[in-house]
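Every number in this text was worked out from the coordinates using simple rules, so none of it is lab data. Quick caveat: nothing in here was measured; it's all calculated off a predicted structure. Note: ideal-geometry Cβ built from the backbone for every residue, glycine included; neighbour counts use all protein chains shown.
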């Protein structure tokens, strides 16, 4: 018997627009989650009942106050708002986030039906409801008569139609959501009238600390990346930081960085200087921390770019702790600091055989800028780090105790620091020698070992996700796992080898059909190797967005792809509508793909040449790392895993696959996937994995 869904109460205002956009948003979320449903609860705000107050003079919570009260009283679990209606600051006890999808943000002009701008009188009466719209209308219609306008969308349009106003300025998103976009007379360009950042977005509010809603939010927020910029020059920045910058929406950066790094940002990304210099702060620390948390809750991908290494005198703890308290995931990319540049780079090496076996690093400054002691006693209380020390763990422990350290002094052992299989053992000086150690590592002694970054955050809750896909798509898959709070283990089980004998005769074909990003990469390698003119490539048909995007990366646009249901079946249906009988198709595939698609395409009446472009070659590994969940992107990946470790290695693990063919490969091994991606793309597969875990959390979490 099918279990009843877990139902959450969602508050919304009673206007037609609010009800429409709330139901659409909740339906979309329900489609992402299993066993979860939402019941709408209508709650009138003072903004709905007070139709006389000028919105330019209304309080910040004019449209949210009553829903906030219902939340705090426990009458509803969440509330859905237009994001631009949220007050700043938010009321105590209320948390929030934006949904990532956005309706058209621009404003529009509304006139009565069939009327044009050229039909307006010399002194048109204009309905305005905000200062920015007032300023625009003053410039656009200097002789206009501006008056306050109130009412819902339909009522405002009625006031134009009955002649009370000649023009009304409104948000296009409202008309589009209500399906009355035909009433738009003119679109206002963003460069002419800037809109609030939240316009077009919907926001969800909930009680602060509600773990159920924090779990829901984890599907829509991106992992915040704290990255080291290196020092002095862009050349001393790590590849990991550059990749993070190239994917971000907002970069909050220190002042003392090489600003050439900002050239790596995508064209539409924003760079905000939050740097601090001695005696001159662009932003106070609490302002920077608040900004990070706000941008993260707006579903933006953020890089907090810190000079040098983020963890060395970089106030990293304050910023990460704030995110951890909100349940928002983050990761930290170390960087090259002034410490290395001033020593390793100059020859004044901090460690030199028979000269120096270690060093002390500290700052003379306390919080607020006051000077602190730097005497021998102070230095003796600093953390100690022992390199190349595991084999000497017994004498180190003995000497520390003899020097007067308490056996209860915290200590930690770190193996493969910064690696995918990094391992940390927390212990004490007294218990150091009881550890069973097999690998080289570091020993850290001191109170700092009591702390650690929160990792069980985000939709994936820090789970180790074994990525078995080919090397070519590992980086993309790992980035999406990072975004959703997981720990990617890049572990390719197949590699792709192009067949050298393939020499395409493109002039003989009207279409080329390719059905995977891997095939696109192999195809483009062949095109480059043989110096083929891109203009000779025939029309391109693909089965999904991921494959189309891979062509776009190479400067080519596909000519046909299914609108949805990205699969071979959908491609065949598209081919029946698109390809004419007798046309010639070049079907390019891997050795594992099989000829079924080519045979189906022939049923359309086309002539199909089925060509193997590349081979899937198994990648051997000496050891299988520890993991929580595994992602298979192909049947050949499944076969490679089973051949090396057997199906028993998947016992107790969560199994995710990119599509039905991969699921069928598992079923042949008497195994069943826990998740089949709703959309057969890398982003879609990782998102489906995240939705699976969030659904589990929401169904199991107690009522609050």
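Quick one: 48, 61, 380, fewest Cβ neighbours within 10 Å first, how do they rank?
380, 48, 61
Taking the Cβ of each residue in 498, 469 as the centre, tally the other Cβ atoms inside 10 Å and list the residues starting with the fewest.
498, 469
At a Förster radius of 51 Å, what calculated FRET efficiency corresponds to the Cβ-Cβ distance of residue 139 and residue 528, to the nearest 0.05?
Plugging the Cβ-Cβ distance into 1/(1 + (r/R0)^6) gives 0.45.
Please report how far the C-alpha centroid of the range 283-360 lies from that of the range 426-488, rounded to the nearest whole angstrom.
With the range 283-360 and the range 426-488 each reduced to a Cα centre, they are spaced 18 Å.
Grab the DSSP H runs of the chain that are 4 residues or longer, score each as -39,500 (n - 2.57), total them, divide by all residues and round the 222 nm result to the nearest 500 deg cm²/dmol.
Roughly -8500 deg cm²/dmol at 222 nm, from the helical runs in the chain.
Taking Cα centroids, how far is the range 198-236 from the range 630-658 in Å?
31 Å
Only Cα pairs under 8 Å and at least 6 apart count here; give the relative contact order of the range 294-446 as a rounded whole percent.
18 percent
For a quick check: sort 207, 56, 353 by the number of other beta carbons within 10 angstrom, fewest at the front.
Exposure proxy ranking, most exposed first: 353, 56, 207.
Whole number please: convex hull volume per residue of the Cα set in the range 224-341, in Å³?
Cα-based convex hull of the range 224-341, divided per residue, equals 92 Å³.
Would any residue of the range 179-194 have its amide N under 14 Å from a label point 7 Å out along Cα→Cβ of residue 27? List them or say none.
So the set is 179.
Relative contact order for the chain: what is it in percent, counting Cα pairs under 8 Å that are at least 6 residues apart?
10 percent
Report the antiparallel proportion of the DSSP beta bridges in the chain as a percent, rounded to a multiple of 5.
Counting only bridges with both partners in the chain, antiparallel ones make up about 40 percent.
If eta is 1.306 mPa s and T is 10 °C, what Stokes-Einstein diffusion coefficient results for the range 403-443, Kirkwood Rh from Cα pairs, in µm²/s?
Roughly 145 µm²/s, to the nearest whole number.
Roughly speaking, what is the stretch gain from residue 255 to residue 362, that is 0.36 nm per residue apart minus the C-alpha to C-alpha distance, in nm to one decimal?
36.3 nm
Just for the Cα atoms in the range 498-648, what are the lengths along the principal axes, largest first, rounded to whole Å?
51, 34, 25
Relative contact order, percent, of the range 648-704 when contacts are C-alpha pairs under 8 Å separated by at least 6 residues?
This gives 28 percent for the range 648-704.
Principal axis lengths of the chain from Cα atoms, whole Å, largest first?
92, 74, 59
Among DSSP beta bridges whose residues both lie in the range 496-618, state the antiparallel percentage, nearest 5.
Roughly 20 percent of the DSSP beta bridges within the range 496-618 come out antiparallel.
Only bridges with both residues in the range 224-341 count here: give the DSSP antiparallel percent, nearest 5.
Here the antiparallel bridges make up roughly 15 percent for the range 224-341.
Provide the gained length on full extension for the span residue 450 to residue 697, in nm with one decimal, where the gain is 0.36 nm per separating residue minus the Cα-Cα distance.
Computed gain between residue 450 and residue 697 is 86.1 nm.
Suppose we keep just the alpha-carbon trace of the range 288-440; what are its Rg and Dmax in angstrom?
Just the Cα atoms of the range 288-440 yield Rg and Dmax of 18.8, 55 Å.
So what are the range 370-450's ellipsoid semi-axes, whole angstrom, largest first, if each one is the square root of 5 times an eigenvalue of the alpha-carbon gyration tensor?
23, 16, 10
Hey, can you rank 518-529, 485-496 by average C-beta count inside 10 Å, highest first?
Packing order, densest peptide first, comes out as 485-496, 518-529.
Determine, at each q value in 0.18, 0.24, 0.32 (inverse angstroms), the log₁₀ of I(q)/I(0) that the Debye formula gives when each Cα of the range 656-700 is one equal point scatterer.
-0.53, -0.78, -1.01
Run the quick spin-label model on residue 471 and residue 352: label points 7 Å from Cα toward the beta carbon, then report their separation in nm to one decimal.
It works out to 4.0 nm between the two label points.
What's log10 of I(q)/I(0) for the range 107-187 at q = 0.16, 0.23 Å⁻¹, Debye sum over Cα points only, no solvent?
-0.52, -1.14
Going by average Cβ density within 10 Å per residue, which order do the peptides 647-654, 223-230 take, highest to lowest?
223-230, 647-654
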